[in-house]
Amino acid sequence: MYALVDGNNFYVSCERVFRPSLVGRPVVVLSNNDGCAIARSNEAKALGVRMGHPWFECRQLEEQHGLVALSANFALYGDMSDRMMAVAASYAPRQEIYSIDESFLDFSGVRGDLVAQCREMRTRILDWAGIPCGVGLGPTKTLAKLANHIAKTAERKPGSYPKELAQVCHLGAMQTSELEALMAATEVGEVWGVGPRIGFQLVNAGVKTVLDLARLDPVAVRRRFSVVLEKTVRELQGTPCIELDDAPAPKQQIMCSRSFGHPITRGFDLATAVTEFTSRVAEKLRAQESAAGALVVFIRTSPFRPDDPQYSGSTTVPLIRPTADTSELVASALAGLRRIYRKGFRYAKAGVMLIEFQPRGRVQCELDLGTETGIPDEGVAATRDKSKLMAAVDSVNRRYGRGSLILASAGLEGAQRPWSMKQERRTPNYTTVWSEMPIVRA
Amino acid sequence: MYSILATRLQSRLPVPVSQANPASVHRLPSTIQAGFPSPAEDHASERVDLSKTLIKHPLATYQMMVRGASMRDAGIDDGDVVLVDRAVKASHGHVVVAVVDGDFTVKRLWKRGSNVKLQAANPTFPDIVPKDGQTIEVWGVVTYTIKSMPK
């Protein structure tokens, strides 16, 4: 039996733990650069704020209805997620962390009343981390996800589903007739893996509810749609097709791209941004013990400023040897940047993507004709290996905080980083920075 | 010069005689025990780790900075840091962090039957008694106070 545990309005819930005055008020959390709403409290949803709603379109609600908007505080959300996931992990033998606020649990081999155990887990997460969760149980991951949707909707919209299914819903422990009634009451678009496009096609074909989809013949679905949707149908019928993924495979590409807080014109400022982004991806690359064989750099102006002259440039830079060395990667990224940079544009975004990964330690060397003897100089190769230096840099940054040791070309805070994210409404890093802890009145 | 020598040695390439350093003897600033093994060896244990000792539930523990003098007689002063454990169930007599009108306050919990109030530990501060319909929400239980000693 699988469970899906999911924090309700997760980012808003994290903020409310440390600012209890926000409880009961409409709250949204804004994306990077305070662009649009990426999390909404139930009160904000009731005011009509949509997911991805641009802030400039809903900011009038601030005065009219007391809507509170906060900049995303990912250091806080990361720590609260970690606490929530660790509590959930103690209830089942296996866990797959699916996103910052969702994890699948595999209860195989666990005896007893799973609903009671999940209620206890939910209470413990609420007590310890302050995060309200919904828990869905089912014999497949797709059914667990559907059960989670029912558990959360039953709580948020009384009357939508039977109220005893609120907070914790177990689709694997009910009569067929009861399960079918729930499926018939749920739109097909709510099924995990059915995106808006497939959902639209299904509705046009007369498949409107989850029950309609579950009653289709999987073989016919494969022929008409895809193997992916066939798996979804089989999972809805109770046959597990999607395994728990508790050890995700190393990524095959790693990217860091950000919109700037303000438009950038100078090449120097783009260089500090590209250095910073490359340093971030290099650190992630080392964490998964890979080396990159090439990288892609891109810069572009803002398509949302139609009056500005538009330009976007992108280039792939192959590396002589696959590497995870920040200084080599940055040197290559900056070489790429010089190739694509054009003067006279207002740049709004840049990004760096590492590609062509190899496991570290398995390196294809080049035919090096650069030495006098024609024999590759191993002394030079040895000084090229900076993996120990990189490991030291990573551990310093882990211990003393990100950005403690940086390449000089990333620029220092403030004037040299005009591209820094706009985060005018960010709350303190309550749990991850000693000097920013919450204040309690005595 | 030395680094070239080191990389050469590492890569097992021949070292030219002219580069060899005749005085490559290091004196180590420590002693080597030739006689008896340490009698403590079989009793090896880890040094006390304060965060493990003081924080029983790391997933449920948070730190907060105290501002104000209302808990003076309980040994909690302005500028102290309190460790707050949300896994401990609050009961009568616990020093707690409570939410009053949307703000955090640290007080002693007084609880008898269905009567609940928050007591200050300083005679100049009144107790907080919930008015009709108002509830006292306990956020967590204070388990330790950390004080910095002024010189």
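With respect to A:ILE100, determine if the residue is buried (at least 22 other Cβ atoms within 10 Å of the Cβ) and under 28 Å from A:LYS422 (Cβ atoms). It would help to see each step written out before you state the result.
Working: buried (at least 22 other Cβ atoms within 10 Å of the Cβ): no; under 28 Å from A:LYS422 (Cβ atoms): yes.
No, not satisfied.
Only residues that are touching a Gly at 6+ places or on another chain (Cβ under 8 Å) and under 20 Å from A:GLU164 (Cα atoms): list them for segment A:126-135, please. Walk me through how you get there before you give the answer.
First, the residues of segment A:126-135 that are touching a Gly at 6+ places or on another chain (Cβ under 8 Å): A:131-133.
Scanning segment A:126-135 gives A:PRO132, A:CYS133.
Of the numbered criteria (1) at pLDDT below 85; (2) surrounded by 12 or more Cβ atoms within 10 Å (Cβ to Cβ); (3) within 30 Å of A:VAL17 (Cα to Cα), the one A:ARG399 fails is (2). The C-beta contact set for segment B:54-74 (first residue more than 7 Å from chain A (Cβ to nearest Cβ), second residue polar (S, T, N, Q), distance under 6 angstrom, 6+ apart or interchain) comprises B:ILE55/B:THR61; B:ARG72/B:ASN122; B:ASP73/B:ASN122. The set of residues in segment A:105-131 being in contact (Cβ under 8 Å) with a residue 60 or more places away in the chain and within 14 Å of another protein chain (Cβ to nearest Cβ) consists of A:MET121, A:ILE125, A:ALA129, A:GLY130, A:ILE131. Against the list (1) over 30 Å from A:ARG215 (Cβ atoms); (2) in contact (Cβ under 8 Å) with a residue 40 or more places away in the chain; (3) not basic (Lys, Arg), the condition A:SER312 fails is (2).
Hey, which of the helices (runs of 4 or more DSSP H) in segment A:43-104, taking only ones fully inside, have at least 2 residues that are modelled with pLDDT of 95 or more and within 14 Å of chain B (Cβ to nearest Cβ)? It would help to see each step written out before you state the result.
Numbers: elements: A:55-58, A:60-65, A:74-89.
Helices (runs of 4 or more DSSP H) meeting the threshold: A:74-89.
When segment B:86-103 is limited to residues that are facing another protein chain (nearest Cβ under 10 Å) and farther than 17 Å from B:ILE55 by Cα, the one that is surrounded by the fewest Cβ atoms within 10 Å (Cβ to Cβ) turns out to be B:ASP101. Could you go through segment B:135-150 and let me know if any residue there is within 27 Å of A:LEU76 (Cβ to Cβ), in contact with a helix residue (DSSP H, G or I) (Cβ under 7 Å, 6 or more places away or on another chain), in contact (Cβ under 8 Å) with a residue 24 or more places away in the chain and more than 7 Å from chain A (Cβ to nearest Cβ). Checking segment B:135-150: at least one residue is within 27 Å of A:LEU76 (Cβ to Cβ), in contact with a helix residue (DSSP H, G or I) (Cβ under 7 Å, 6 or more places away or on another chain), in contact (Cβ under 8 Å) with a residue 24 or more places away in the chain and more than 7 Å from chain A (Cβ to nearest Cβ). Residues in segment A:177-200 that are touching a helix residue (DSSP H, G or I) at 6+ places or on another chain (Cβ under 9 Å) and either of a type in the set (Phe, Trp, Tyr) or over 23 Å from A:LEU4 (Cβ atoms) (or both): A:TRP192, A:PHE200. Screening B:ALA87, B:ALA74, B:ALA69 for residues that are under 25 Å from A:LEU76 (Cα atoms) and at pLDDT 95 or above leaves exactly one candidate, B:ALA87.
So, A:GLU276, is that one in contact (Cβ under 8 Å) with a residue 40 or more places away in the chain, touching a Cys at 6+ places or on another chain (Cβ under 9 Å) and in a helix (DSSP H, G or I) or not? Even if it seems obvious, please write down each step before you answer.
Values: in contact (Cβ under 8 Å) with a residue 40 or more places away in the chain: yes; touching a Cys at 6+ places or on another chain (Cβ under 9 Å): yes; in a helix (DSSP H, G or I): yes.
So A:GLU276 passes the test.
Taking first residues from segment A:422-442 that are away from every other protein chain (no Cβ under 14 Å) and partners that are basic (Lys, Arg) and in a loop (DSSP other than H, G, I, E, B), no Cβ contact under 6 Å between residues at least 6 apart in sequence or on separate chains turns up.
The values are calculated or read from the model by the stated rules, or taken from the named source; none is laboratory data. Every value quoted in this text rests on a predicted model; they were computed, and no experiment measured them. Heads up, the Cβs are rebuilt from the backbone with ideal geometry, glycines too, and the neighbour counts pull from every protein chain shown.
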